[in-house]
Amino acid sequence: MGAATLLDELVDIVMKESASDLHLAEGRHPIIRVSGFLIPLEKYAPLTAEDIKGFFALFLPPESQQEFLKKKESNFAYAHKSGSRFRGNLFESIGRRAIALRLIPTRIKTFEELNLPPVLAEFSGRQQGFFLVVGPAGQGKSTTLASMIELINQERLEHIITIEDPIEFLFTPAKSIIDQREVKTDTPDFHTALWGVFRQDADVIMVGEMREPDTVAAAVTAAETGHLVLSTLHTNTAAQTVDRIIDSFPAESQEQIRIQLSSSLIGIFSQRLVPRVKGGLIPAYELLLNNNAVANLIREKRTHELNAVIETSSEAGMIDFNRSLAELVRKGEITPENATQYSTNPRALERMI
């Protein structure tokens, strides 16, 4: 069976089983991930080096293939003829090539459909500031950002620029103008694209991921100068996110970024996808709002106190992660065991449930 035919069959299985991911590697059966669990497709023989070579040619144009040979890793977006789109990564493992594909939904869901709090609409309505969606890989950060961007697109007359590696969700302009830029295709890197927005009359900027200090610095500057900047970071909690941003800068620059972050940050939303009792996944989340108390803690190097502020500030609109988990347990959405497994402070959670 040729690579294209095999891929057609595997994409069909991904869609039928509502899988989120497809894993392809030499010497292994194809594997899909459904509701967080990996399932080998054992009716297919383990993939051969020739199979992977065929997939390689399908996913990467010649220039990207050359880049992969140098770096041994490559990000890409792939549009299947069925209309399904995937975010992919090609890499090597013990000298053998492997591919991880993440399905990108064709329709952007609303906050309600995603079981996300309606307060996110308030951040989508802001005219300026820096808002982060954080969490480990595969926890729905890009989907949440896409919902925020789509809400702006449907309700506001704005110029939205996205900077992604690769482009994931495709937006259809409604009330807004939307320009989507892909790193390495439309711009050399996040940093260059971010500085470019100052000359592109942008109102809203979505950055796929905060990877380097230069990108963070440009994003914070954009937020300070009248733009709404939305982005993601691979961190576990809001407090950890602030520390990660500051610690990524050289010591001599950390005081300046503390001051800028304390004034430009509007919120940090941390989320995890937890297995649902009735099947599928449901988000549990934490929300830090940047009020005067939080800004002071950031400026005064007291970020270790941010968790306590979140826990005691529900009246101000903040959301504690453990309380979010406990509420899902009370509603019968998740089991106490899964709540404990996903909690960042299991002992505190035990007292709530």
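Is it the case that Leu22 is crowded, with 19+ Cβ neighbours inside 10 Å, at pLDDT 95 or above and not in a strand (DSSP E or B)?
Details: crowded, with 19+ Cβ neighbours inside 10 Å: yes; at pLDDT 95 or above: yes; not in a strand (DSSP E or B): no.
In short, no.
Quick test of your reading of the structure: Glu333 fulfils all but one of (1) under 24 Å from Met148 (Cα atoms); (2) outside any helix (DSSP H, G or I); (3) of a type in the set (Asp, Glu). Name the failing condition by number.
Going through (1) under 24 Å from Met148 (Cα atoms); (2) outside any helix (DSSP H, G or I); (3) of a type in the set (Asp, Glu) one by one, Glu333 breaks only (1).
Given the criterion part of a strand (DSSP E or B), more than 19 Å from Thr340 (Cα to Cα) and at pLDDT 95 or above, identify the matching residue among Ile259, Ile282, Ile268, Ile245. Lay out the reasoning, then the answer.
Details: Ile259 fails: part of a strand (DSSP E or B); Ile282 fails: more than 19 Å from Thr340 (Cα to Cα); Ile245 fails: part of a strand (DSSP E or B).
Answer to the check: Ile268.
Residue check, Ile99 against (1) in contact with a Leu (Cβ under 7 Å, 6 or more places away or on another chain); (2) under 23 Å from Val34 (Cβ atoms); (3) among the hydrophobic types (A, V, I, L, M, F, W, C); (4) in a loop (DSSP other than H, G, I, E, B), all met but one. Which one?
So Ile99 meets the others, but not (4).
Condition test on Phe130, is it of a type outside the set (Lys, Arg) and touching a Gly at 6+ places or on another chain (Cβ under 7 Å)? Steps first, please.
Working: of a type outside the set (Lys, Arg): yes; touching a Gly at 6+ places or on another chain (Cβ under 7 Å): no.
Here the answer is no, as Phe130 does not meet what is asked.
What pairs can you find where one residue is in region 201-213 and under 16 Å from Ile257 (Cβ atoms), the other is of a type in the set (Val, Ile, Thr) and outside any strand (DSSP E or B), and their Cβ atoms are less than 6 Å apart, with a gap of 6+ or different chains?
As it stands, the answer is Met210/Val216, since those pairs meet every condition given.
Taking Ser84 as the residue in question, decide whether it is assigned by TED's automatic domain parsing to the domain that holds Leu151, closer than 28 Å to Pro275 by Cα, touching a helix residue (DSSP H, G or I) at 6+ places or on another chain (Cβ under 7 Å) and not β-branched (Val, Ile, Thr).
Answer is no for this residue.
Looking at Ala100, Ala121 in this structure, which one is closer than 29 Å to Gln271 by Cβ, at pLDDT 95 or above and touching a helix residue (DSSP H, G or I) at 6+ places or on another chain (Cβ under 7 Å)? First the steps, then the outcome.
Numbers: Ala100 fails: touching a helix residue (DSSP H, G or I) at 6+ places or on another chain (Cβ under 7 Å).
Selected residue: Ala121, the only one of Ala100, Ala121 that is closer than 29 Å to Gln271 by Cβ, at pLDDT 95 or above and touching a helix residue (DSSP H, G or I) at 6+ places or on another chain (Cβ under 7 Å).
Inspect all residues belonging to region 229-248 and state whether any of them is more than 18 Å from the chain's Cα centre (by Cα), farther than 29 Å from Ala308 by Cα and in contact (Cβ under 8 Å) with a residue 40 or more places away in the chain.
no
It is to be established whether one or more residues within region 201-214 are within 12 Å of the chain's Cα centre (by Cα) and farther than 27 Å from Ser253 by Cβ.
No, region 201-214 has no match at all.
So which residues in region 166-181 are at pLDDT 95 or above, farther than 19 Å from Lys109 by Cβ and within 20 Å of the chain's Cα centre (by Cα)?
Asp179, Arg181, listed by residue number.
Given the condition of a type in the set (Gly, Ala, Ser), under 24 Å from Gly83 (Cα atoms) and either surrounded by fewer than 13 Cβ atoms within 10 Å (Cβ to Cβ) or touching an Asp or Glu at 6+ places or on another chain (Cβ under 8 Å) (or both), answer yes or no: does some residue in region 27-41 qualify?
Checked region 27-41: no residue is of a type in the set (Gly, Ala, Ser), under 24 Å from Gly83 (Cα atoms) and either surrounded by fewer than 13 Cβ atoms within 10 Å (Cβ to Cβ) or touching an Asp or Glu at 6+ places or on another chain (Cβ under 8 Å) (or both).
Looking only at region 219-228, count how many residues are part of a helix (DSSP H, G or I) and either on the phi > 0 side of the Ramachandran plot or more than 19 Å from the chain's Cα centre (by Cα) (or both). Full working, then the answer.
Here is the first cut: in region 219-228, the ones part of a helix (DSSP H, G or I) are 219-224.
Still in the running and either on the phi > 0 side of the Ramachandran plot or more than 19 Å from the chain's Cα centre (by Cα) (or both): 221-224.
Number of matching residues: 4.
So Ile298 ticks every box in (1) assigned to a helix (DSSP H, G or I); (2) surrounded by fewer than 21 Cβ atoms within 10 Å (Cβ to Cβ); (3) not hydroxyl-bearing (Ser, Thr, Tyr) but one. Which box is left unticked?
With (1) assigned to a helix (DSSP H, G or I); (2) surrounded by fewer than 21 Cβ atoms within 10 Å (Cβ to Cβ); (3) not hydroxyl-bearing (Ser, Thr, Tyr) applied to Ile298, the lone miss is (2).
Hey, can you tell me all the residues within region 62-81 that are modelled with pLDDT under 90, out of contact with any strand residue (DSSP E or B) (no Cβ under 9 Å at 6 or more places or on another chain) and not hydrophobic (A, V, I, L, M, F, W, C)?
Pro62, Glu63, Gln66, Lys70, Lys71
More than 25 Å from Leu114 (Cα to Cα) and at pLDDT 95 or above, is that true of Glu337?
For Glu337, the condition - more than 25 Å from Leu114 (Cα to Cα) and at pLDDT 95 or above - is not met.
Out of region 183-211, which residues are surrounded by 15 or more Cβ atoms within 10 Å (Cβ to Cβ), at pLDDT 95 or above and part of a loop (DSSP other than H, G, I, E, B)?
Ala202, Asp203
The values are calculated or read from the model by the stated rules, or taken from the named source; none is laboratory data. Keep in mind that this is a model prediction, so the values were computed, not measured. Here Cβ is always computed from backbone atoms with ideal geometry, including for glycine, and neighbour counts include all displayed protein chains.
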